[in-house]
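Notes to accompany the following structure.
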Protein chains: 4
Amino acid sequence: MLVLPWRFAGIEQPSTLEPTLMMNGEFETDWTSTTLRVRYAETDQMGIVYYANFFVWFEIGRTDLCRQLGFTYEEMERQDGLYLMVAETRCRYKAPAHYDEEIVVRTRLRSVRKRVLVFAYEVYRALDPMLLAEGETIHVITDRDGRPRALPEKYRELFRVHSKAVSSRQ
Amino acid sequence: MLVLPWRFAGIEQPSTLEPTLMMNGEFETDWTSTTLRVRYAETDQMGIVYYANFFVWFEIGRTDLCRQLGFTYEEMERQDGLYLMVAETRCRYKAPAHYDEEIVVRTRLRSVRKRVLVFAYEVYRALDPMLLAEGETIHVITDRDGRPRALPEKYRELFRVHSKAVSSRQ
Amino acid sequence: MLVLPWRFAGIEQPSTLEPTLMMNGEFETDWTSTTLRVRYAETDQMGIVYYANFFVWFEIGRTDLCRQLGFTYEEMERQDGLYLMVAETRCRYKAPAHYDEEIVVRTRLRSVRKRVLVFAYEVYRALDPMLLAEGETIHVITDRDGRPRALPEKYRELFRVHSKAVSSRQ
Amino acid sequence: MLVLPWRFAGIEQPSTLEPTLMMNGEFETDWTSTTLRVRYAETDQMGIVYYANFFVWFEIGRTDLCRQLGFTYEEMERQDGLYLMVAETRCRYKAPAHYDEEIVVRTRLRSVRKRVLVFAYEVYRALDPMLLAEGETIHVITDRDGRPRALPEKYRELFRVHSKAVSSRQ
């Protein structure tokens, strides 16, 4: 299935992603960036990247944001027994991605709350750069059995260190 | 990454999917159903279905809705040169799906407009049945090169035949 | 990447899969059959099913063979703590599979030994039927930690009940 | 499904991959290397990388080998209308790969013939390095419609430039 810009369709796009996902937390981080190259396996018969794979790229962005902030999600699961359970996801597609193109995934924590994290993503074609898609994922922090847990202070502190002033968002 | 019910987290879930995707068209269809069994390949190291795979299941639901309405999406692409380009997707996760479980994907056209189709989905575990996820995808009708096209009358007529009165939605 | 018949290439195909995988066990089972429909997600930009997905179909065939023999692999993992670890796989591609085609995966246990199972597969397009691919996977029976285990008698007995006389193979 | 070393199973492994895939060509290239990091999406419920994904990694190795030899497979398809159709694949699994591990895929052209290319692969965990898997894929060069074509001289020349003396193989 194809991905495509609303603008090509001459259709007014719903204004913004914000309304339903407006969950302001204490702070948010700056963007981190990850580069990847489109795999043949990620394309479909339309000759472009299959739409579900953008969520795989979002996950790569999350993993890399953790690493750039000073910890690994792998350790968070294994050592602390904490999981970022996905509660909601969305993606808005602007333009298709193609095999062998270099892609930049930008990721940031848009909201850090006691038991909920909201990540925001932007996917660019590196060449131009051109915005291909933007999305969000909402996660609840849980233990292995799915019971909600509070974000440990050590992670909160890491997020805080890398946060920007929330007031600068406007 | 895990999927999990908001309710377990004791968090008030954003009320509804409707607001941003409110795009009422001329009519909408009733639900169609598709059954599938969870593949080992679809699980991740949390022991549950990886979150991006729900969008693959949505696509299976779309393909089956077309077939149940009297045409195949495969022919729509090949014979008419028309594509349902994905412009926006979202999914809200309620409970995880596991390997070898039987799954029911319910799909309906929630809005049919001149150049835009909105599909809605519900994913159930067949056993209970228990609602695992619900989502929506917005598609723009285009030609092979991504230029928007009007939905041909033959498809519009098929949708109309299977539509229910919009006024019955409340 | 495409899959294609050797014969179109005018090349003499290596004679048979047998030599390196020749591991005769005590007995073997008859073929079981599973039907599936090609997903859009399974295609690549050549317009055909991506080659790695045939191994996903093999796994579906294995799961179904277990079910048709009277147990589920899911229970084997969860209740008995036994795993069929993949040690070697191969696939020979004869003709491509396309989106929305109905596919039949035939699976059989080609060899049952104390700690090793060899499964054989044939993938057909249901319409003709036309052979699209054939392959084999070799599995070692282990516990959760990867230590080899002997196949429990209850499974051996199930395999035996469904076995055909090995002497009838010729 | 798990991947696992033969040696843990106390089983004598079939001696070598060579016999059925013995297709000596005019020359072969040296190894090229590609690094990747295991994605969460690539794991399954055994907590390790799903076995079919090793073939996705092989494809990444092929793409990178082309680039390191001076052309892109993407251009080969788009500009020359030539495709490397997969005719046969195999993989032997030595040890499992885990989420977030850094992986090195080594790739080389093991045989270059008029219309057939054989690629060989080795997958290592970068840390040790430890060999996780080795495999081969055989490809027939075709046009878009699957008809066999001779490898153009420009590619043959690139392969030759990067080839090592075949006699040095022993």
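The values are calculated or read from the model by the stated rules, or taken from the named source; none is laboratory data. A quick note: this is a predicted structure, and the numbers were derived from the prediction, not measured. Here Cβ is always computed from backbone atoms with ideal geometry, including for glycine, and neighbour counts include all displayed protein chains.
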Self-check item: Any chance A:E42 is crowded, with 19+ Cβ neighbours inside 10 Å and over 16 Å from the mean Cα position of the chain (by Cα)
Solution: yes
Quiz item: Looking at segment C:21-56, which of its residues are assigned to a helix (DSSP H, G or I), within 12 Å of chain D (Cβ to nearest Cβ) and at pLDDT 95 or above?
Solution: C:E42, C:N53, C:F54, C:F55, C:V56
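Every residue, every condition in (1) of a type outside the set (F, W, Y); (2) farther than 25 Å from A:L36 by Cα; (3) touching a strand residue (DSSP E or B) at 6+ places or on another chain (Cβ under 9 Å), yes or no:
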residue	(1), (2), (3)
D:G47	yes, no, no
D:Y50	no, no, yes
D:E59	yes, no, yes
D:R62	yes, no, yes
D:L69	yes, no, yes
D:D80	yes, yes, no
D:E88	yes, yes, yes
D:A97	yes, no, yes
Quiz item: In the set C:V123, C:V104, which member is away from chain D (no Cβ under 14 Å) and closer than 30 Å to D:G146 by Cβ?
Solution: C:V104
Self-check item: Residue among B:E136, B:E59 that is within 20 Å of A:A95 (Cα to Cα), free of Cβ contacts under 8 Å to residues at least 40 places away in the same chain and either surrounded by fewer than 23 Cβ atoms within 10 Å (Cβ to Cβ) or at the interface with another protein chain (Cβ under 7 Å from one of its Cβ atoms) (or both)
Solution: B:E59
Practice problem: Look through A:Y73, A:Y50 and report the one residue that is surrounded by 20 or more Cβ atoms within 10 Å (Cβ to Cβ), hydroxyl-bearing (S, T, Y) and more than 24 Å from D:H98 (Cα to Cα). | Solution: A:Y50
Quiz prompt | Of all residues making up segment A:139-163, the number that are within 22 Å of A:W57 (Cα to Cα) and facing another protein chain (nearest Cβ under 8 Å) | solution = 2
Quiz item: Pick from segment A:87-116 the residues that are under 17 Å from the mean Cα position of the chain (by Cα) and farther than 29 Å from B:A120 by Cβ: which of them is modelled with the lowest pLDDT?
Solution: A:V112
Self-check item: Subset tally (residues that are out of contact with any Ser or Thr (no Cβ under 9 Å at 6 or more places or on another chain) and facing chain D (nearest Cβ under 9 Å)) for segment C:62-93
Solution: 1
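For the structure I just gave you, tell me whether B:Y99 is closer than 21 Å to A:M85 by Cβ, surrounded by 22 or more Cβ atoms within 10 Å (Cβ to Cβ), among the aromatic types (F, W, Y) and away from chain A (no Cβ under 14 Å).
yes
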Exercise. Return the total of residues in segment B:102-138 being of a type in the set (K, R) and farther than 19 Å from B:T63 by Cβ.
Key: 4
Quiz prompt | Residues that are buried (at least 18 other Cβ atoms within 10 Å of the Cβ) and touching a residue at least 60 places away in the same chain (Cβ under 8 Å), drawn from segment C:118-133 | solution = C:V118, C:F119, C:Y121, C:E122, C:V123, C:L132, C:A133
